[in-house]
1. Applying the Karplus parametrisation 6.51 cos²θ - 1.76 cosθ + 1.60 with θ = phi - 60° to the phi angles of region 79-84, what ³J(HN,Hα) value in whole Hz is obtained for each residue in order, glycine and proline being reported as x?
2. Of the heavy-atom accessible surface of region 1-45 (probe 1.4 angstrom), what whole percent is carbon and sulfur?
3. What is the ratio of the Cα radius of gyration of region 39-91 to 2.2 N^0.38 Å, where N is its residue count, to two decimals?
4. Report, to the nearest whole %, how much of the accessible area of region 50-91 belongs to carbon and sulfur atoms, 1.4 Å probe, protein only.
5. Add -39500 (n - 2.57) for each DSSP H run of 4 or more in the chain, then divide by its residues: what number comes out at 222 nm, to the nearest 500 deg cm²/dmol?
6. Evaluate Rg over Rh across the chain, taking Cα atoms for both radii and Kirkwood's formula for Rh.
7. Tell me the per residue accessible area of the chain using a 1.4 Å probe; a whole number in Å² is fine.
8. I'd like the distance separating the alpha-carbon centroids of region 9-50 and region 53-91, in whole Å.
Amino acid sequence: MIVDIKRRALHRSKILQGQLKGIEKMIENEDYCMDIITQSLAIQKSLSSLNKLIVENHLRTHIPEKLSSADEKQQAEAISELLGLYELTHV
């Protein structure tokens with residue numbers, strides 16, 4: 001992984017862990033439903049930020065390597081990965 005992206009992804013992961021523990025406590029304490037939902041949506045946004053970092057790393061490292069490969073199988077794999085990601089995010 002690219003050093004800066006790895007650092008940022010690990011930081012985001014630690015934030016997510018804290019947010020998940022926080023929502024667990026909120027549920028245990030039977031906090032107000034809207035507060036729990038708000039926290040849940042914040043976690044989803046944090047996950048989205050983490051995913052963006054991982055995709056950025058993949059696009060900066062693995063994809064260029066595969067697309068510039070003389071091996072057509074590697075090129076097809078890169079395209080397949082990107083199309084799969086597109087499908088997952090546009091369901």
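1. These are the phi-based 3J(HN,Hα) values: 5, 4, 4, 5, 5, x Hz.
2. Working: 2100 of 3650 Å².
Percent of accessible area from carbon and sulfur atoms in region 1-45: 58.
3. Values: Rg = 13.8 Å, N = 53, 2.2 N^0.38 = 9.9 Å.
Rounded to two decimals, the normalised Rg is 1.39.
4. On the way: 1940 of 3290 Å².
In region 50-91, the share of accessible area belonging to carbon and sulfur is 59 percent.
5. Mean residue ellipticity at 222 nm (helix-derived): -29500 deg cm²/dmol.
6. Numbers: Rg = 17.8 Å, Rh = 15.4 Å.
On the Cα set of the chain, Rg over Rh gives 1.16.
7. Working: 7140 Å² over 91 residues.
In whole numbers, the chain has 78 Å² accessible per residue.
8. If you average the Cα positions of each part, the centres end up 30 Å apart.
The values are calculated or read from the model by the stated rules, or taken from the named source; none is laboratory data. All of these numbers come straight from a predicted model, not from anything done at the bench. These area figures cover heavy atoms from the full protein model, side chains too; ligands, DNA and RNA do not enter into them. Shrake-Rupley method; radii C 1.70, N 1.55, O 1.52, S 1.80 Å.
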